[in-house]
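The values are calculated or read from the model by the stated rules, or taken from the named source; none is laboratory data. Owing to the predicted nature of the structure, the values given are computational and were not obtained by experimental measurement. Neighbour counts run over all protein chains shown; Cβ positions are idealised from the backbone, glycine included.
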Amino acid sequence: MGRGYLAAFLRRGIRLAAISPRGFLYDAAFPLPAGIVELPSALARTLPEPDVGLGCIHPPRLDRLRGRLRANLFVWEADRVPPAWVELLAAGADVIIVPSSFTRDALVLSGFPGEKIEVVRYGHDIPVAGDSEVPALDRAPEPPFTFLCVASPHRRKGVLELLAAYAAAFRIDDGVLLRIKTTYDPGAARTRRSFEIPSWARALEEAGLGRAGAPAVDLVVARCSDEEARGLYLDADVVVAPSWGESFGLAILEGLASGKPVVTTGWGGALDFLPPGPDLLPFRTIEGGDALYEPASGALQAVPDVDALRQRLRWHFEHREESAALGRVARQAAAPLTWDAAAADLFRVLKKRSG
């Protein structure tokens with residue numbers, strides 16, 4: 001998300017410097033767009049106050065945000081926000097920028113002042129109509145029929161529900177593949193957080209996907225470049241994102257922009273841009289509890305119905321022409337939501353707020 005904004009600002013001719021604080025899954029080798037000046041946190045603190053400080057900072061660390069206008073990008077995946085965060089956000093930033101009406105409503109429901117919130121949607125950089133790569137999106141399906149899930153190994157991403165539905169829907173002789181693109185495996189870490197699944201191996205085993213006759217799964221545990229990630233979408237037939245809640249759902253938007261139908265839970269921030277239809281799964285709401293990054297009493301999330309997910313996976317497999325047609329409609333709906341459009345909206349907000 002941050003990289004998308006940075007590259008789009010550069011294309012607008014705006015000069016930026018990026019501060020590199022360490023955080024969850026910090027990677028010093030993570031590539032930034034060419035032309036970005038990267039500053040260590042200690043050095044940044046010695047420089048004059050910038051006109052605008054734009055961050056995506058964990059609320060307890062908002063004292064790091066510097067600028068005559070302090071603007072913080074904020075995401076949250078439940079219908080209300082931890083009370084302590086409401087106070088920290090109000091004190092640490094002049095404006096909170098959220099990617100969806102869902103997150104705005106969660107903040108307001110939690111007592112945050114609505115006048116300090118701006119909604120700016122994220123974007124994508126998938127080629128759209130008129131680009132040379134687009135015809136490849138309309139290729140005839142070839143076996144295996146591929147479902148793609150791009151998700152971190154967190155319980156709220158609905159990966160356990162997806163594995164159960166996929167195992168129930170198919171057998172190996174159906175000629176299908178579930179490809180899961182993820183960033184890491186909790187089973188390889190020294191400690192596991194409450195919001196993570198135990199491990200990918202255990203999740204696959206408990207779903208019965210290691211047994212004889214089970215349908216194929218390709219687990220991709222890697223950091224991908226933009227080009228590699230785009231290739232994963234283009235090689236898929238259907239994108240599946242059965243999350244319990246998304247503040248926006250960037251993988252959902254990228255799937256739509258790639259011309260793929262997206263099967264996802266009918267709840268959360270993605271409803272701002274998702275076309276209506278049967279690929280929006282029914283769900284039951286539960287308290288998020290320790291599936292959330294930070295406890296928030298009474299905060300609800302939405303667990304998708306596994307049988308409904310099984311049925312939609314099977315429908316797309318059995319109705320390939322209709323499935324591809326849904327993807328073409330999705331691509332047109334997502335086409336305007338680019339990172340350039342998102343950066344223009346964000347720049348407008350920052351200019352307005354800074355006077």
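Are any residues in segment 32-80 more than 24 Å from Ala296 (Cα to Cα), touching a Lys or Arg at 6+ places or on another chain (Cβ under 8 Å) and acidic (Asp, Glu), and if so, which ones?
Listed by number, the residues that qualify are Glu49, Asp51.
Rundown of residues vs (1) among the aromatic types (Phe, Trp, Tyr); (2) part of a helix (DSSP H, G or I); (3) free of Cβ contacts under 8 Å to residues at least 12 places away in the same chain, yes/no style:
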site	(1), (2), (3)
Thr191	no, no, yes
Pro198	no, no, no
Arg202	no, yes, no
Glu228	no, yes, yes
Glu254	no, yes, no
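Kindly indicate whether Ser243 is in a loop (DSSP other than H, G, I, E, B), of a type in the set (S, T, N, Q), surrounded by fewer than 24 Cβ atoms within 10 Å (Cβ to Cβ) and within 14 Å of the chain's Cα centre (by Cα).
When the stated conditions are applied, Ser243 does not pass them.
What residue, among those in segment 67-82 that are more than 22 Å from the chain's Cα centre (by Cα) and modelled with pLDDT of 95 or more, is surrounded by the most Cβ atoms within 10 Å (Cβ to Cβ)? So that I can check it myself, show each step before the final result.
Going through segment 67-82, the residues more than 22 Å from the chain's Cα centre (by Cα) turn out to be 67-70.
Then keep just the ones that are modelled with pLDDT of 95 or more; that gives 69-70.
Details: Leu69: 17, Arg70: 20.
That would be Arg70.
Restricting the first residue to segment 279-291 and requiring it to be free of Cβ contacts under 8 Å to residues at least 60 places away in the same chain, which pairs with a second residue that is surrounded by fewer than 13 Cβ atoms within 10 Å (Cβ to Cβ) and of a type in the set (S, T, N, Q) meet a Cβ separation below 9 Å and a spacing of at least six or different chains?
So the pair list comes out as Glu287/Ser297; Gly289/Ser194.
Does any residue of segment 289-298 turn out to be part of a helix (DSSP H, G or I), crowded, with 16+ Cβ neighbours inside 10 Å and not assigned by TED's automatic domain parsing to the domain that holds Phe102?
Yes, because at least one residue in segment 289-298 is part of a helix (DSSP H, G or I), crowded, with 16+ Cβ neighbours inside 10 Å and not assigned by TED's automatic domain parsing to the domain that holds Phe102.
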